[in-house]
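The values are calculated or read from the model by the stated rules, or taken from the named source; none is laboratory data. From a predicted model like this one, the values you see are computed outputs, not experimental measurements. All Cβ positions, glycine included, derive from the backbone under ideal geometry; neighbour counts span all protein chains shown. Just the protein is used for accessible areas: all its heavy atoms, side chains included, with ligands, DNA and RNA removed. Shrake-Rupley method; radii C 1.70, N 1.55, O 1.52, S 1.80 Å.
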Amino acid sequence: MPLSVDMPLEQLKKYHGSSKRPENFDEYWSDILKKRKKLLVNVRIEKNEFETPFCKCYDMFFQGEEEAIIHVKVLKPKNILGKIPGIIEFHGYGGCSKDWTYKLPYVACGIAVFSMECRAQMGDSTDSFGAENHFRNCNLIRGVMKPEDLYYKKVFLDALTLADIVMEFDYIDTEKIGAMGYSQGGGIALALAALNKNIRKVFAVYPFLSDYKRCWNMDTGAAYEEIKDYFRQRDPQHKREEEFFNNLGYIDIQNMAHWIKADVVMTTGLMDKVCPPSTQFAVYNKLLCRKKHLIFPEYGHEDMLNGLQDENIKWAMELLND
């Protein structure tokens, strides 16, 4: 039986999370979606100098939640005949969208790519307070004591706006929209599919943003280290611990998993010490859609999982051929 950094695989397959779901979780998101306005104005698209014989590249900027300006790398195949699929991509925590060349295999298959840079991380997206502040970490706990101000609530809504914009392009087949990402990107891709039923397929690699109480109990460090930092600096006696974790529950993707209708491919390395396997299985085990789990027993939270890129392209081709 393959080992794991936190529990055996057979236990992982039965694990459904340690973090409590807020009692008003459904109402929280239902109210947000009812009040949300589609922000399809102030979209600016500029040609980028990078280009290949089969691909045109653009920088797109749109107005996200609370006046934030969100940057998206857009890659479009040349000589489009008819409508084509689109992939919405999200990057890892504290980073930015990778080079254009990383996205060219999808374009070579005849698929457009829209790679969003999260607000106030290391890309060219700004945050709602206007200044071009860039933070590598501490976004997870931003706004945690005011659920309406949660950072990832805003990011999920930015992703929804991007999906709305993508579906307005006349060259996009709205029945063939996929979402994908690694780590933070995988978590956002799953959240987008939960909140937008038009997303057809998801490819989520070791998703971040799940089962926060479990991560804290395991003292994993890395991306979840800021939970412990919050208590050390803001609540050293844990007087508001219950409220803290309840509020994080609004942006815990395991609580959204049952809403997803898209086909989902998830990837987990059993040696992942950044996003522990149990936190990923907590999401996967709650999915009610058609799903597939790619398990890499000897791998952790790594960029290059041998064979994964081929699986990713096969997923993209299914989006193309369905």
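Observations on the model:
- Scan of region 256-289 for residues that are among the β-branched types (Val, Ile, Thr) and either under 15 Å from Ile227 (Cβ atoms) or in a helix (DSSP H, G or I) (or both), ordered by number: Val274, Thr279, Val283
- When region 182-231 is filtered for residues that are open to solvent by less than 50 Å² (accessible area, probe 1.4 Å), on the phi > 0 side of the Ramachandran plot and not acidic (Asp, Glu), the ones remaining, listed by number, are Ser183, Tyr206, Leu209, Gly221.
- First in region 163-179 and closer than 13 Å to Ile87 by Cβ, second anywhere and acidic (Asp, Glu), Cβ under 8 Å, 6 or more apart: Lys176/Asp322; Ala179/Glu89
- Only one entry in Phe296, Phe281 is farther than 18 Å from Leu190 by Cβ, among the aromatic types (Phe, Trp, Tyr) and either more than 19 Å from the chain's Cα centre (by Cα) or open to solvent by less than 60 Å² (accessible area, probe 1.4 Å) (or both), namely Phe296.
- Residue match in region 2-15 (condition: touching a residue at least 24 places away in the same chain (Cβ under 8 Å), touching a Lys or Arg at 6+ places or on another chain (Cβ under 7 Å) and open to solvent by less than 30 Å² (accessible area, probe 1.4 Å)): no
- Considering (1) under 19 Å from the mean Cα position of the chain (by Cα); (2) within 24 Å of Ala223 (Cα to Cα), the lone condition that Val5 does not fulfil carries the number (1).
- Scanning region 85-107 for residues that are of a type outside the set (Gly, Ala, Ser), closer than 14 Å to Gly187 by Cβ and open to solvent by less than 10 Å² (accessible area, probe 1.4 Å) turns up Ile88, Phe90.
- Gln121 vs. criteria closer than 30 Å to Phe244 by Cα, among the polar types (S, T, N, Q) and out of contact with any Phe, Trp or Tyr (no Cβ under 9 Å at 6 or more places or on another chain): no
- Evaluation of Ile80 against (1) in a loop (DSSP other than H, G, I, E, B); (2) open to solvent by less than 20 Å² (accessible area, probe 1.4 Å) (one fails), failing number: (2)
- Any hit, region 265-277, residues being within 27 Å of Ile32 (Cβ to Cβ) and either open to solvent by less than 40 Å² (accessible area, probe 1.4 Å) or touching a helix residue (DSSP H, G or I) at 6+ places or on another chain (Cβ under 7 Å) (or both): yes
- If you go through region 232-249 and keep only what is surrounded by fewer than 18 Cβ atoms within 10 Å (Cβ to Cβ) and either aromatic (Phe, Trp, Tyr) or at positive phi (or both), you end up with just His238.
- Residues that are within 19 Å of Glu89 (Cα to Cα) and under 20 Å from the mean Cα position of the chain (by Cα) within region 33-58 are absent altogether.
- Which numbered condition Lys37 misses (of (1) touching a residue at least 12 places away in the same chain (Cβ under 8 Å); (2) open to solvent by 30 Å² or more (accessible area, probe 1.4 Å); (3) within 20 Å of Val166 (Cβ to Cβ)): (1)
- In region 299-310, residue nearest to Ile251 (Cα to Cα) [restricted to those that are open to solvent by 50 Å² or more (accessible area, probe 1.4 Å) and either free of Cβ contacts under 8 Å to residues at least 40 places away in the same chain or in a helix (DSSP H, G or I) (or both)]: Glu302
- Only one of Thr174, Thr220 that is out of contact with any helix residue (DSSP H, G or I) (no Cβ under 8 Å at 6 or more places or on another chain) and modelled with pLDDT of 95 or more: Thr174
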